[in-house]
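Worksheet: one structure, shown below.
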Amino acid sequence: MSYEKHLAGRILKEHLVAGSLAPDGEIGIRIDQTLTQDATGTLAYLEFMALGIEKVRTRLSVSYVDHNTVQTGFENADDHNFLQDVAARYGVFFSRPGNGISHQVHLERFGVPGETLLGSDSHTPTGGGLGMLAMGAGGLDVALAMAGEPFTMKVPRLMGIMLKGSLPPWVGAKDVILHLLQRLTVRGGLGRILEYCGPGVAGLSVPERATITNMGAELGAWTSIFPSDEVTRRFLGSQGRSEFWQPISNEGGAVYDEALEVNLSSLAPLVACPHSPDAVVRVEDLGDIRVDQVAIGSCTNSSYRDLNLVAKLLSGRKVHPEVNLVIAPGSRQVLAMLARDGSLAALIDAGARILEVACGPCIGMNQAPPSGGVSVRTFNRNFEGRSGTKDAKVYLAGPQVAAAAAVTGRIVHPSMFGSEPRVTDPEYLHLDDSMIITPPKDPVSGRVRMGPNIKSLPDLEPLPDDLLLTVILKTGDNITTDDILPGGGKILPLRSNIPAIAQFVFASKDPQFIENARKAGNIAIVGGENYGQGSSREHAALAPRFLGLRAVLARSFARLHRANLINFGVLPLIIAQKDYERIGQGERIKIAGIRAIIEGISLLSVELLETGFSINAGLYLSPRERNIILAGGLLNMVRNDFKSRRNNV
Ligand code: MIC
Ligand code: SF4
């Protein structure tokens, strides 16, 4: 397949620095921009600092504070100071707490069509709404990109999504991506980049496109991308950034590995039912569901357009007496606009509880629903327990359905409002970057404040030849990184303290996990399909590694988590269904002669010591990944490399 005619293909080609764009190959691409957020950023910057580099080598790097903004102790505030000092010291823009969710702010203030963006957050593909090639990665990969290293990835398959028609009343961008999740499932995007094309594209605004690319993460895709067209030009113009516009389109005749058609005109309002973003049904087919809470916001649906629509729908109405409506605008710009055009007053009058501009309830930071309660959220993830209430039932929906639920206390078709109000994107926005601190031109040698909760990175030894492991946990399919290491107000403040956060590994799935790990020493986990879906948090690999995890034997892995396991020297082994059934929790296993085998062969023999039975496990690694595993992790591998390069200059 020739990549020249494709949006992502062209950007990949222009940024290619190693390998070639051939199916199944591995390539290295130049990264123009990086973003970090506070919950992954502290670790990413500790890793960057361990490389001993003077200044970031990207065109632009931005550090956001949006996750841990509830400060119930000193930990988060200390992390914010650390991030602010590091940003000034190494040449990174710093978006202060209160300025907004990384993806929303980046779209507004920094995104550039045609550029590459690597972010330590799985929803970085939001930038695809602007025609960027924007991908999520583990913090260590982002640290290396900041050090000027290429990002290594498997050559993706390209999936073309042809949009036809236009959205009917009461149907929004969220329904487009929920429709795709219904068709493709949470595994449908694995190994792929999704490119949107066709006559339906022009009718979608940039924030709507960004809602769609944002939730491409839930399909498991590398990223998703829209063309950069007149709509993009107007959006950048309204942000006072016209000079960054360039047209990018997929040319006629672009042939895709796979192609799909979506007729926008035939879509209806949809919801994703508990507990998976692909458990999608039409609102009309749902039956009578009583709602306790409605939460509007998150990087998926918190643009000015979304909240302005909600304000118009709620204007003159009141929130149902049994519903709590909480709203977290995506950025300070969005909040400032709502305050200026009267929308904020309409929301307050209706009875909405206005939250801080941040991720908030999306990462379980606050507003946990009541026991057994139903929450309708405009967010992107409804994994069990992520809301902070284990038995809560979270439904994902667009702002139209959410507003209708807030008023009626039921999940109903938003046509109950009468006719849909018109929402247009403003020509001019309230622009004020005073909450973004520009780094000084030359790096400052100033002090980096490191509060007592910020602990240095654990040392990881290289991979031994033989591993004797105890399988202390066996899981089913689609285990999420929230299952492995939950978010929430209690655990997130420990993101810069691996020994402390490690005490919460699998806390909600298996309360015995820590004790069993302590007893066993070196441990293994057996997983089903799509092990590690969800976030980019490398803590979900490093914290179990800290507890002695050396191998995960699973039916298949989610892309981001697999990369993080390798980055910290944990073997991601693929096993057959019959062998999955054979291994029991508590089983002791032996993997022998690994260092020799790992250099060439991709099958390892795993001995089940209880029965003496041996099974085969696939270790499908690229040559680079093999070296990382042998070194005991990526940091071990590159640290020496950077040191010798420094000594040679
Ligand atoms: C999420 O939505 O799960 C997060 C919190 O934004 C994560 C990052 C993290 O765990 O810090 C993500 O999506 O990558
Ligand atoms: Fe924040 Fe939620 Fe978006 Fe993650 S998905 S970046 S927690 S708003």
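Annotations for the structure displayed:
- Residues that are more than 12 Å from the chain's Cα centre (by Cα) and of a type in the set (Gly, Ala, Ser), drawn from the stretch 99-126: Gly100, Gly111, Gly114
- Of the set (1) charged (D, E, K, R); (2) more than 16 Å from ligand 1 (Cβ to nearest atom); (3) open to solvent by less than 30 Å² (accessible area, probe 1.4 Å), all apply to Asp66 but (2).
- The one condition from (1) free of Cβ contacts under 8 Å to residues at least 24 places away in the same chain; (2) open to solvent by less than 90 Å² (accessible area, probe 1.4 Å) that Ile436 does not meet is (1).
- Tabulated pairs, the stretch 266-293, first more than 23 Å from Val319 (Cβ to Cβ) and assigned to a loop (DSSP other than H, G, I, E, B), second β-branched (Val, Ile, Thr) and open to solvent by 50 Å² or more (accessible area, probe 1.4 Å), C-beta under 8 angstrom, 6+ apart or interchain: Asp278/Thr185
- Segments classed as helices (runs of 4 or more DSSP H), wholly inside the stretch 101-185, with at least 3 members that are within 16 Å of ligand 2 (Cβ to nearest atom) and touching a strand residue (DSSP E or B) at 6+ places or on another chain (Cβ under 7 Å): 102-109
Yes or no, residue by residue, for (1) open to solvent by 10 Å² or more (accessible area, probe 1.4 Å); (2) over 30 Å from Leu542 (Cβ atoms):
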residue	(1), (2)
Leu133	no, no
Leu140	no, no
Ala145	no, no
Thr152	yes, no
Pro168	yes, yes
Leu184	yes, yes
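- Qualifying residue in the stretch 489-499 (condition: more than 16 Å from ligand 1 (Cβ to nearest atom) and at negative phi): yes
- Near pairs, Cβ below 8 angstrom, 6+ apart or cross-chain, from the stretch 43-60 (more than 19 Å from Asp78 (Cβ to Cβ)) to any residue that is hydroxyl-bearing (Ser, Thr, Tyr): Ile53/Tyr90; Glu54/Tyr90; Lys55/Tyr90; Val56/Thr34; Val56/Tyr90; Thr58/Thr34; Leu60/Thr34
- Among the strands (runs of 3 or more DSSP E) confined to the stretch 526-645, there are none with at least 2 residues that are over 24 Å from the mean Cα position of the chain (by Cα), of a type in the set (D, E, K, R) and within 28 Å of Gly188 (Cβ to Cβ).
- Within the stretch 294-312, the residues that satisfy the criterion of being more than 22 Å from the chain's Cα centre (by Cα) and either assigned to a loop (DSSP other than H, G, I, E, B) or among the β-branched types (Val, Ile, Thr) (or both) are Val294, Val310.
- Yes/no for Phe93 being more than 15 Å from ligand 1 (Cβ to nearest atom), within 30 Å of Gly9 (Cα to Cα) and open to solvent by less than 30 Å² (accessible area, probe 1.4 Å): no
- Helices (runs of 4 or more DSSP H) within the stretch 313-426 that include 2 or more residues open to solvent by 10 Å² or more (accessible area, probe 1.4 Å), closer than 20 Å to Ala268 by Cα and more than 16 Å from ligand 1 (Cβ to nearest atom): 399-408
- Within the stretch 211-227, tally of residues that are away from ligand 2 (no atom under 16 Å from the Cβ) and part of a loop (DSSP other than H, G, I, E, B): 3
- Residue match in the stretch 520-535 (condition: modelled with pLDDT of 95 or more, within 19 Å of Pro458 (Cα to Cα) and either aromatic (Phe, Trp, Tyr) or touching a His at 6+ places or on another chain (Cβ under 6 Å) (or both)): no
- Test: residue in the stretch 72-90 that is at pLDDT below 95, among the polar types (S, T, N, Q), part of a loop (DSSP other than H, G, I, E, B) and closer than 22 Å to Phe226 by Cα: no
- Any chance Ala217 is surrounded by 17 or more Cβ atoms within 10 Å (Cβ to Cβ) and within 21 Å of Gly188 (Cα to Cα): yes
- Criterion: of a type in the set (A, V, I, L, M), without any contact (Cβ under 8 Å) to a residue 24 or more places away in the chain and more than 16 Å from ligand 1 (Cβ to nearest atom) - qualifying residue of Leu635, Leu621, Leu603: Leu603
- Failed criterion for Ser535 (all others in (1) in contact (Cβ under 8 Å) with a residue 60 or more places away in the chain; (2) within 16 Å of ligand 2 (Cβ to nearest atom); (3) surrounded by fewer than 24 Cβ atoms within 10 Å (Cβ to Cβ) hold): (3)
- Single unsatisfied condition, Ala617 versus (1) open to solvent by 30 Å² or more (accessible area, probe 1.4 Å); (2) farther than 30 Å from Thr42 by Cα: (1)
- Filtering the stretch 278-293 for residues that are within 16 Å of ligand 1 (Cβ to nearest atom) and either of a type in the set (D, E, K, R) or over 19 Å from Asn99 (Cα atoms) (or both) leaves an empty set.
- Subset of the stretch 228-255 [open to solvent by 10 Å² or more (accessible area, probe 1.4 Å), part of a loop (DSSP other than H, G, I, E, B) and modelled with pLDDT of 95 or more]: Asp229, Gly240, Arg241, Trp245, Gln246, Pro247
Each row is one residue, and each column tells you yes or no for (1) modelled with pLDDT of 95 or more; (2) open to solvent by less than 20 Å² (accessible area, probe 1.4 Å); (3) under 20 Å from Ile628 (Cα atoms).
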residue	(1), (2), (3)
Arg555	yes, no, no
Gln577	yes, no, no
Gly586	yes, no, no
Ile591	yes, yes, yes
Ile597	no, no, yes
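- Test result for Gly487, among the small types (Gly, Ala, Ser) and within 24 Å of the chain's Cα centre (by Cα): yes
- All conditions in (1) polar (S, T, N, Q); (2) in contact with a Phe, Trp or Tyr (Cβ under 8 Å, 6 or more places away or on another chain); (3) farther than 30 Å from Ser602 by Cα hold for Gln512, with the sole exception of (2).
- Among the residues of the stretch 290-343, those that are more than 24 Å from Val65 (Cα to Cα) and touching a Pro at 6+ places or on another chain (Cβ under 8 Å) comprise Asp292, Gln293, Leu309, Val310, Lys312, Leu313.
The values are calculated or read from the model by the stated rules, or taken from the named source; none is laboratory data. Fair warning: this is a prediction, and the values are worked out from it, not measured in the lab. No Cβ is skipped: glycine too gets one built from the backbone with ideal geometry, and neighbour counts run over all protein chains shown. SASA here: full protein model, heavy atoms, side chains in, ligands and nucleic acids out. Shrake-Rupley method; radii C 1.70, N 1.55, O 1.52, S 1.80 Å.
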